[in-house]
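All remarks here apply to the structure that follows.
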Amino acid sequence: MSTSKIASKKLLTIAPLAALGVAAINAVLFYIGKATGWISDAVLISPANEPMTVIPVIISSIIPTLLAAGVLALLNRFTASPLRIFNIIAAVLLLLSFVNPFAAIPNIPIMMGVWLNVMHVVVAGIVVFAFNRFTSAE
């Protein structure tokens, strides 16, 4: 973990690649969850009151990845240790995200909530790894 600035141009390249990677992995995890019964069609997702589909999974993978890139870009502009601060923020947000499936989806089965949280770990893990590994200014 570096305490120096990142290369903003590298972030512009790696962020969309990370978003695509996260979306692809989470789409596969979604279908594994459906095949195993861990993601249930009996659970209706608001506001549409329909079973979860892969589209919200993809959107919920891409948008946070791109927002994270924006946060890192701002931290790079305004702080001396952008990656250190970014990693702390990412860890805190990951922990907070574990509550989301259970708070946002009424009557969610435990395994479905856990499986959705695995997808949160995928997003955070790839984002933190990719941004730390591939945005070095050196």
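Over region 25-99, the hull volume per residue, using the convex hull of the C-alpha atoms, is 109 Å³. Distance between the pseudo-spin-label points of Ala103 and Ala42 (7 Å out from Cα toward the beta carbon): 2.7 nm. Binning all Cα-Cα separations of the chain at 5 Å, short to long from zero, yields these whole-percent fractions: 2, 10, 20, 21, 16, 12, 9, 6, 4, 1, 0.
Within straight-line reach of Lys5, meaning a Cα separation under 14 Å, sit the following aspartates and glutamates at least 8 residues removed in sequence or on another chain: Glu138.
3J(HN,Hα) along region 19-33, derived from phi through the Karplus expression 6.51 cos²θ - 1.76 cosθ + 1.60 where θ = phi - 60°, amounts to 4, 5, x, 4, 4, 5, 5, 5, 5, 4, 4, 4, 5, 5, x Hz, with x in place of Gly and Pro.
Note on region 59-138: along the principal axes its Cα atoms extend 48, 19, 19 Å, ordered by decreasing extent. In a fully extended conformation the segment linking Val28 and Thr13 would gain 3.0 nm over its present Cα-Cα distance, using 0.36 nm per residue. In the chain, the calculated helix contribution to ellipticity at 222 nm averages -25000 deg cm²/dmol per residue, counting -39,500 (n - 2.57) for every DSSP H run with n ≥ 4. Couplings 3J(HN,Hα) for region 43-53, derived from phi with the Karplus relation 6.51 cos²θ - 1.76 cosθ + 1.60 (θ = phi - 60°), are 8, 9, 9, 6, x, 7, 6, 10, x, 5, 10 Hz, where x marks Gly and Pro.
Here, each number is a calculation from the coordinates, and none is a lab measurement. Source: prediction; values computed, not measured. Methodologically, a virtual Cβ is constructed for each residue, glycine included, from the backbone with ideal geometry; neighbour enumeration extends over all protein chains shown.
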